[in-house]
Amino acid sequence: MEGRTRFVASLEVNSASSLGGPYVLVQDDRMNDWVRGIGPDPDPKRGLYGRVCKGGSLIERFDFEGSEVLRISDEPSDLLWRSLFDGGLVVQWVAAESEEDLIRFAETVAAREVWDESCVLRIRSSSVTIMDALGRPGDGEAKIVERLEPGDYQVDACLAEDDDNEALIVRLRRTSSLEVPAE
């Protein structure tokens, strides 16, 4: 079953909303550094926020102070998270009749294994947050906070549509484990 998407039985999803900027996946042990790096007056043309806003692709992995961050989409529409046995699906809602329809569509697309973009993301923390790049703890915006096993994750992304649904679909699938020393 190597490489195949395996779904958990529950259709439970979490969601994130945007303040208008791109989304990022930040490892929780680096959250304070991320907020400090974005700063009090972020500029979409300079600094860390400028780097995130540069965009041009569906996903982008980049280094941030010894950790890896994943930029997801330039569009501000809501994201949904669907847990998988070995990672998860991030689904950006473009068009669908319902959340359930959108998730089922994303599962079907992920099972096809046809992706437009890919990268590898190393996760060292046991928890990650997917949020607007300008997000801060306690800001009131919906964030996706998930526990993931530390390891290397294959990240695949595509824009997909059929007669009833359209979405950006990003799959994170753990391909190897990491031993992380206890703090």
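The values are calculated or read from the model by the stated rules, or taken from the named source; none is laboratory data. Since the structure is predicted, the reported quantities are computational estimates derived from the model, not experimental observations. Glycine also receives a Cβ, built like all others from the backbone with ideal geometry; neighbour counts cover every protein chain displayed.
Looking across the range 140-182, the residues that are of a type in the set (G, A, S) and not in a strand (DSSP E or B) come down to G140, A142, A182.
Take the conditions touching a strand residue (DSSP E or B) at 6+ places or on another chain (Cβ under 8 Å), of a type in the set (F, W, Y) and at pLDDT 95 or above and apply them to W93. Does it pass?
Details: touching a strand residue (DSSP E or B) at 6+ places or on another chain (Cβ under 8 Å): yes; of a type in the set (F, W, Y): yes; at pLDDT 95 or above: no.
Judged against the criteria, W93 is not a match.
The residues of the range 38-76 that are aromatic (F, W, Y) and in a strand (DSSP E or B), listed by number, are F62, F64.
Taking (1) within 24 Å of D74 (Cβ to Cβ); (2) surrounded by fewer than 17 Cβ atoms within 10 Å (Cβ to Cβ); (3) among the hydroxyl-bearing types (S, T, Y) in turn, S98 satisfies each apart from (1). If you filter the range 119-132 down to residues that are under 13 Å from the mean Cα position of the chain (by Cα) and exposed (fewer than 15 other Cβ atoms within 10 Å of the Cβ), you find that the one that is modelled with the highest pLDDT is V120. Being of a type in the set (D, E) and on the phi > 0 side of the Ramachandran plot holds for only one residue in E146, E113, E141, E117, and it is E113. Every test in (1) without any contact (Cβ under 8 Å) to a residue 40 or more places away in the chain; (2) within 16 Å of K143 (Cα to Cα); (3) in contact with a strand residue (DSSP E or B) (Cβ under 9 Å, 6 or more places away or on another chain) is passed by K54 save one, and that test is (2).
Of all the listed residues (D156, D132), the sole one being in contact (Cβ under 8 Å) with a residue 24 or more places away in the chain, within 30 Å of E179 (Cβ to Cβ) and touching a strand residue (DSSP E or B) at 6+ places or on another chain (Cβ under 7 Å) is D156.
Of everything listed in (1) under 15 Å from the mean Cα position of the chain (by Cα); (2) in contact (Cβ under 8 Å) with a residue 60 or more places away in the chain; (3) exposed (fewer than 14 other Cβ atoms within 10 Å of the Cβ), the single unmet condition for F85 is (1). When you look at L80, is it surrounded by 14 or more Cβ atoms within 10 Å (Cβ to Cβ), within 16 Å of the chain's Cα centre (by Cα) and within 25 Å of P44 (Cβ to Cβ), yes or no? So L80 fails the test.
Based on this model, can you work out whether D33 counts as assigned to a strand (DSSP E or B), surrounded by fewer than 17 Cβ atoms within 10 Å (Cβ to Cβ) and over 15 Å from the mean Cα position of the chain (by Cα)? Answer is no for this residue.
Residue count for the range 104-139, restricted to those that are of a type outside the set (A, V, I, L, M) and not in a strand (DSSP E or B): 16. When the residues of the range 1-30 are filtered to those that are surrounded by 16 or more Cβ atoms within 10 Å (Cβ to Cβ) and part of a loop (DSSP other than H, G, I, E, B), the one that is modelled with the highest pLDDT is P22.
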